[in-house]
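Remarks on the structure that follows.
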Amino acid sequence: MQDTQEIAGKFRELCELCKSPADVIKTKKNLLVVSHVDADGLTAAAIVCTALERRGLDFQPKFFRQLDEAALEEVADHGADLVIFTDLGSAMIQQICDHRLLAVVADHHRPVVCEARPIAHINPHLVGADGATQLSGSGTAFLLARALASTPGGNDDLAALAVVGAVGDLQDMAHGQMVGINRHILEIGSNAGALSFSRDIKFFGRQTRPVYKMLEYSSDPYLPGLSGNEDACIAFLKEIGIRLGGEKWRRWIDLSQEEKAGFVTAVLRKGLRSGISNVKLERLIGEVYILLGEQEGTELRDASEYSTLLNATARYGHAGVGLSVCMGDRDKAFSEAQRLLGQHRQNLVNGLKLVREKGITTLKSIQYFDAGNAILDTIVGIVAGMSFQMGDRSRPILAFALTAKGELKVSARGTQDLVRSGLDLADALSRCAGAVGGVGGGHNVAAGATIPPQAKEEFLVLMDATVGRQLIRE
Ligand code: C5P
Ligand code: ZN
């Protein structure tokens, strides 16, 4: 972990970078906010849109799966006075300038090297901070929103959304907690009374799922004899004296401290007895984030459940629903998001089943599966990350899916251990996709690309060699 002084310096540098674009934004009438269709992109857009709304500025949001030339044309045709790009744009700085757009880019993806300068480019990589773990797109947007506040600290409550975005991009996974500039944001949110954080069990669904379901769906680490086995989970809870509930199933938040401690001890003991390594078991416990302004027992109370709810909207073409939820709708949009969440969960279960049936092919330095058109290209990366946790962690995993346009989408996921050994998926994907006539990018640990379908085999050979070289070099 980096020195706190150094991180504080980078935080200040980024805040400084936000000042002049914020001053320009305040003078504009007709603003366009362009963002990415995932939890981080949605929260990033919501943070900026809320900051604009609080200033009485007019804006329109627009979401894209990726910012390519066609998307930029659409943005340019909109004719806004100024465009604010969030959670995307850093890879397209040159093209944004070529379009002569007056723009502010607040992103955390690896920027391309280019001479051109839009009016402002805010990105952790520009101050030497890592955009995969130290600052998310929503975090970058939050720093801009802070600079836009009419009173000092006036937008600090929006830190809660920035934490949801960071969790959505799995930025807390590398160290089991928020690090770098994210940690500053966490503290700002906590001082503003919007957030609390503590160490707790990392299973998904602490707010909304019955405890036995939460246990049944545990996949990281996979607990032999419990994960995926409802009867065994119910029997296990009874055995350790945890009441399942009467009229209503008891959730994690309904358990007493003693019951929670007993549960954790029993799960650890069972894990050790099943031969799971200490390193894996350590992942059971980590930092969790509570949104204090949200109602207990809802998805919105917990950053991890909130981010999944948002993915369930944006990744299926309903970004507007997720944005409304982020901007305060607890009525129609929230109900719709919950309905979409049900479908999303089913799609993930089906996706994992498909991977299990089809199997994962292992090459020398990578592993992959091809979902064809059986998994939606917008969620294939989530499925890749999930299936990867159950199997071989010594190679990054690639997942292929066909897009509606007939292109081949590639999603790649690695582990922090592999990144420490030299893995850089953003670099590998952008090079190898570029070499076969596609485009790619992202982060060292998670990246994506679109390539022509006929180039799949060539792309795999290139990726295997590139990743092989990355892992040897270190
Ligand atoms: O789509 P997927 O979830 O696999 O994307 C992983 C990461 O790679 C995201 O941060 C996304 O923005 C980035 N990506 C990219 N260029 C692409 C596809 C994905 O930068 N063509
Ligand atoms: Zn992001």
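Being within 11 Å of ligand 2 (Cβ to nearest atom) and modelled with pLDDT under 95, is that true of even one residue in region 132-149?
yes
Please go through region 91-103 and give me each residue that is buried (at least 18 other Cβ atoms within 10 Å of the Cβ), at pLDDT below 95 and either within 16 Å of ligand 2 (Cβ to nearest atom) or under 18 Å from residue 52 (Cα atoms) (or both), ordered by number.
Matches in region 91-103: 91, 92.
Exactly one condition in (1) closer than 27 Å to residue 86 by Cβ; (2) more than 11 Å from ligand 1 (Cβ to nearest atom); (3) over 17 Å from the mean Cα position of the chain (by Cα) is false for residue 344; which is it?
Status for residue 344: all satisfied but (3).
From the residues in region 38-57 that are among the aliphatic types (A, V, I, L, M) and surrounded by fewer than 24 Cβ atoms within 10 Å (Cβ to Cβ), which one is nearest to ligand 1 (Cβ to nearest atom)?
Within region 38-57, the match that is nearest to ligand 1 (Cβ to nearest atom) is 52.
Would region 46-66 turn up any residue that is within 30 Å of residue 434 (Cα to Cα) and out of contact with any Leu (no Cβ under 9 Å at 6 or more places or on another chain)?
Yes: one or more hits.
May I ask you to verify whether residue 367 is within 16 Å of ligand 1 (Cβ to nearest atom) and polar (S, T, N, Q)?
When the stated conditions are applied, residue 367 passes them.
If I filter region 168-177 for residues that are part of a helix (DSSP H, G or I), on the phi < 0 side of the Ramachandran plot and within 16 Å of ligand 1 (Cβ to nearest atom), do I get at least one hit?
yes
Do we have residue 45 as in contact with a strand residue (DSSP E or B) (Cβ under 9 Å, 6 or more places away or on another chain), in the same structural domain as residue 179 (by TED's automatic domain parsing) and part of a helix (DSSP H, G or I) here?
For residue 45, the condition - in contact with a strand residue (DSSP E or B) (Cβ under 9 Å, 6 or more places away or on another chain), in the same structural domain as residue 179 (by TED's automatic domain parsing) and part of a helix (DSSP H, G or I) - is met.
Residues of region 318-329 being without any contact (Cβ under 8 Å) to a residue 24 or more places away in the chain and either assigned to a loop (DSSP other than H, G, I, E, B) or buried (at least 24 other Cβ atoms within 10 Å of the Cβ) (or both), which ones?
318, 321, 328, 329
Just to be sure before I move on: is residue 162 away from ligand 1 (no atom under 15 Å from the Cβ), assigned to a helix (DSSP H, G or I), among the aliphatic types (A, V, I, L, M) and under 17 Å from residue 21 (Cα atoms) in the structure I sent?
No: the conditions fail for residue 162.
Among residues belonging to region 450-465 that are away from ligand 1 (no atom under 11 Å from the Cβ) and either crowded, with 22+ Cβ neighbours inside 10 Å or not in a helix (DSSP H, G or I) (or both), point out the one that is nearest to the chain's Cα centre (by Cα).
463
Table: residues versus (1) within 28 Å of residue 149 (Cα to Cα); (2) within 16 Å of ligand 2 (Cβ to nearest atom); (3) surrounded by fewer than 17 Cβ atoms within 10 Å (Cβ to Cβ).
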| residue | (1), (2), (3) |
| --- | --- |
| 59 | yes, no, no |
| 64 | yes, yes, no |
| 69 | no, no, yes |
| 72 | no, no, no |
| 75 | yes, no, no |
| 79 | yes, no, yes |
| 84 | yes, yes, no |
| 105 | yes, yes, no |
| 116 | no, no, yes |
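Tell me yes or no: at least one residue of region 145-167 is closer than 20 Å to residue 34 by Cβ, in contact with a strand residue (DSSP E or B) (Cβ under 6 Å, 6 or more places away or on another chain), in the same structural domain as residue 43 (by TED's automatic domain parsing) and hydrophobic (A, V, I, L, M, F, W, C).
no
Out of (1) in contact (Cβ under 8 Å) with a residue 40 or more places away in the chain; (2) assigned to a helix (DSSP H, G or I); (3) surrounded by fewer than 21 Cβ atoms within 10 Å (Cβ to Cβ), the odd one out for residue 5 is which?
All conditions pass for residue 5, except number (1).
Determine whether region 395-413 contains at least one residue that is among the aromatic types (Phe, Trp, Tyr), outside the structural domain of residue 280 (by TED's automatic domain parsing) and at pLDDT 95 or above.
Within region 395-413 (the criterion being among the aromatic types (Phe, Trp, Tyr), outside the structural domain of residue 280 (by TED's automatic domain parsing) and at pLDDT 95 or above), the answer is yes, since at least one residue qualifies.
Return the residue satisfying two criteria in turn: it lies in region 153-176 and is modelled with pLDDT under 95 and more than 14 Å from the chain's Cα centre (by Cα), and of such residues it is farthest from ligand 2 (Cβ to nearest atom).
Looking at residues that are modelled with pLDDT under 95 and more than 14 Å from the chain's Cα centre (by Cα), I get 176.
Does residue 41 qualify as being within 16 Å of ligand 2 (Cβ to nearest atom), within 19 Å of residue 446 (Cβ to Cβ) and in contact (Cβ under 8 Å) with a residue 60 or more places away in the chain?
It is true that residue 41 is within 16 Å of ligand 2 (Cβ to nearest atom), within 19 Å of residue 446 (Cβ to Cβ) and in contact (Cβ under 8 Å) with a residue 60 or more places away in the chain.
Would you point out which residue out of 56, 128 is under 18 Å from residue 185 (Cβ atoms) and not basic (Lys, Arg)?
128
Test residue 231 against the criterion of being buried (at least 18 other Cβ atoms within 10 Å of the Cβ) and of a type in the set (D, E, K, R), and give yes or no.
no
When region 275-330 is examined, which residues are found to be farther than 25 Å from residue 201 by Cα and of a type in the set (S, T, N, Q)?
Result: 313, 324.
The values are calculated or read from the model by the stated rules, or taken from the named source; none is laboratory data. What you see is a predicted model; the values in this text were computed from it and never measured. Every residue, glycine among them, receives a Cβ derived from its backbone with ideal geometry; neighbour counts consider all protein chains shown.
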